[in-house]
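Okay, structure first, notes after.
The values are calculated or read from the model by the stated rules, or taken from the named source; none is laboratory data. The structure presented is a predicted model; accordingly, all values stated were derived computationally and were not measured. We place every Cβ from the backbone using ideal geometry, glycine too, and count neighbours over all the protein chains shown. Just the protein is used for accessible areas: all its heavy atoms, side chains included, with ligands, DNA and RNA removed. Shrake-Rupley method; radii C 1.70, N 1.55, O 1.52, S 1.80 Å.
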Amino acid sequence: MTDKTSNQMWGGRFAAGPDAIMEAINASIGFDQRMAAQDIAGSRAHAAMLAATGVITDNDAEAIREGLLTVLSEIESGSFQFSTALEDIHMNVEARLKEIIGEPAGRLHTGRSRNDQVATDFKLWVRDQFDAAEKGLLALIKALVDQAEAGADWVMPGFTHLQTAQPVTWGHHMMAYVEMFGRDLSRVRDARKRMNESPLGSAALAGTSFPIDREMTAKALGFDRPTANSLDAVSDRDFALEFLSVASICAMHLSRFAEELVIWSSAQFRFVTLSDRFSTGSSIMPQKKNPDAAELIRAKVGRIFGANTALMMVMKGLPLAYSKDMQEDKEQVFDAADNWMLALAAMEGMVKDMTGNRESLAAAAGSGFSTATDLADWMVRVLKVPFRDAHHVTGALVAMAEGRGVDLPDLSLEDMKSVHEGITEDIFTVLGVENSVNSRMSYGGTAPAQVRAQVARWKEILG
């Protein structure tokens, strides 16, 4: 196939092809060839429908079907020669089809336009990415649930402002990310369901006078129904924007977790050990083990956020229906999809391979006066002291312990009584970190029993 076919594809509108600059700015084949499989699937469904409705003959439809399979085989094998003069994947496929089967290829485009064709192809491609994201999220959630189950009763510090706040369990912390990624999974499924309408048959913008069956092509391509308005169908890119929005929120969650893994794997924390598969060494410092995979995941969010913003800017000023600006929709989505899928896979691998350092976690859980709230709660519950008064007493005891360089459980009963006479020996039953986490039995709390209940719930969800 050569570029000499380009003028024919324009239908004689131009006496000569565009110059090199126009060709370069107008062509999208350099990136939209990624939609080849979706383009050919859409064309096969369209040809079958044209034959079923009597618009083309069965013989032509069969020739088109076989020819398209040949084109797909050439593309998959790498032997297909793409042409920038033919602009995009749609024209490249059609031109090659004509070389293979001749005249019947010219009947394939009956009752459709490149406008509804590209909208259909792009929807099919994005839908495939939603399906891949669902699989990636399910795998990551399972890895987190497994970590939570293994460490349901491991104590560790819980933080606010990155300051030690109250003891929690490793399992509880892992399950927090299960809830985050669970919401991402819900968004993926919700957006996929909403986008699953077929634009095919909307033609350029107004529909077509041919007696096509849009329900038939929608069903053949796995859509729930055809779109209800042809103007909207060819100019809509909400499905791509929703994809980027969902990807952006999920990437933000991945980045938050990646940041924690960077901190936790540092020599100052030693909360986790990341496997060698997801770490690198230093070129000059032999003691270093760098959490590069986590750092790169943390960086991916910028590219995905950027893609979301870029496509918003492309779409924000476009009147109905189609404008060539919309050719700028795909590269952003392709890049974001690649980086999202890679980040999901890398995070799943890290979570599956990482080892929580139980001793370091426990040691950190008992530092920083992490059971101060338990002391105040005990005074309210047992001594019936107003919470504000209990808070004041606890603050005084923290100051005393801090001045002596010890933690709250290291103070004697006499020390505590000197601040509040009502304190009894029973206070020591709540000051230990194990006692603290075991007491947090409210629904969704950090108590091991609650963690295990949430693990069981998610195992049932995951099947």
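Summary table
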item: Matching residues, segment 12-61, being in contact with a Ser or Thr (Cβ under 7 Å, 6 or more places away or on another chain), modelled with pLDDT under 95 and not in a helix (DSSP H, G or I); result: Gly17, Ala27
item: Test: residue in segment 253-274 that is in contact (Cβ under 8 Å) with a residue 24 or more places away in the chain, closer than 20 Å to Asn115 by Cβ and open to solvent by 10 Å² or more (accessible area, probe 1.4 Å); result: no
item: Matching residues in segment 33-58 - criterion: being without any contact (Cβ under 8 Å) to a residue 24 or more places away in the chain and surrounded by fewer than 17 Cβ atoms within 10 Å (Cβ to Cβ); result: Thr57, Asp58
item: Some residue of segment 105-120 being more than 37 Å from the chain's Cα centre (by Cα) and free of Cβ contacts under 8 Å to residues at least 24 places away in the same chain; result: yes
item: Boolean, Ile64 is in contact with a Pro (Cβ under 9 Å, 6 or more places away or on another chain) and assigned to a loop (DSSP other than H, G, I, E, B); result: no
item: Scan of segment 160-186 for residues that are of a type outside the set (Val, Ile, Thr), more than 17 Å from Val455 (Cβ to Cβ), more than 13 Å from the chain's Cα centre (by Cα) and crowded, with 17+ Cβ neighbours inside 10 Å, ordered by number; result: Gln166, Pro167
item: Filter result for Gly171 (more than 29 Å from Trp458 (Cα to Cα) and touching a helix residue (DSSP H, G or I) at 6+ places or on another chain (Cβ under 7 Å)); result: no
item: Single residue of segment 406-432 satisfying the filter (closer than 17 Å to Arg381 by Cα and touching an Asp or Glu at 6+ places or on another chain (Cβ under 7 Å)) that is least open to solvent (accessible area, probe 1.4 Å); result: Leu431
